[in-house]
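These notes concern the structure reproduced below.
The values are calculated or read from the model by the stated rules, or taken from the named source; none is laboratory data. These figures come from a predicted structure and were not determined experimentally. Methodologically, a virtual Cβ is constructed for each residue, glycine included, from the backbone with ideal geometry; neighbour enumeration extends over all protein chains shown.
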Amino acid sequence: MFAQPQPLVEGMAAVGDPIEVLPVALHALWAGLLVASSDVPLHARALVHSPWSLRIRAARLINRPPPSKAETLSIVAAADSSPPKRS
């Protein structure tokens, strides 16, 4: 699910009962396994997608093989471990 950007509620409905799936979807958003725009408040129709889907599409545009899941996870882990930037 969420290989292509789609409304949160539609992706949850494709998996199962949205009420049962909602806690898992919110955890996936919190953990960075799913991403949504931070420009607007999160709501049922907010567009959500997998962070890997963007990397795969970008790799196809520049004719390179997409990064493996392990490579993507290491990039995410490195970003999570970097110290916060001061403004």
Exercise for review: Filter segment 1-26 for residues that are in a loop (DSSP other than H, G, I, E, B) and either touching an Asp or Glu at 6+ places or on another chain (Cβ under 7 Å) or of a type in the set (D, E, K, R) (or both) and give the result.
Suggested key: Asp17
Check your understanding: If we scan segment 18-28, do we find a residue that is more than 26 Å from Leu73 (Cβ to Cβ), modelled with pLDDT of 90 or more and of a type in the set (A, V, I, L, M)?
Key -> no
Review point. Does any residue of segment 27-39 turn out to be assigned to a loop (DSSP other than H, G, I, E, B), touching a residue at least 24 places away in the same chain (Cβ under 8 Å), exposed (fewer than 14 other Cβ atoms within 10 Å of the Cβ) and touching a Leu at 6+ places or on another chain (Cβ under 8 Å)?
Key: no
Revision key, fill the gap. Checked segment 11-26 for anything within 15 Å of the chain's Cα centre (by Cα) and buried (at least 16 other Cβ atoms within 10 Å of the Cβ); matches are Gly11, Met12, Ala25
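Within segment 27-42, count every residue that is out of contact with any helix residue (DSSP H, G or I) (no Cβ under 9 Å at 6 or more places or on another chain) and of a type in the set (A, V, I, L, M). Quick ask: steps written out before the conclusion?
Going through segment 27-42, the residues out of contact with any helix residue (DSSP H, G or I) (no Cβ under 9 Å at 6 or more places or on another chain) turn out to be 27-28, 30-31, 37-41.
Subset that is of a type in the set (A, V, I, L, M): 28, 31, 40.
Within segment 27-42, residues that are out of contact with any helix residue (DSSP H, G or I) (no Cβ under 9 Å at 6 or more places or on another chain) and of a type in the set (A, V, I, L, M) number 3.
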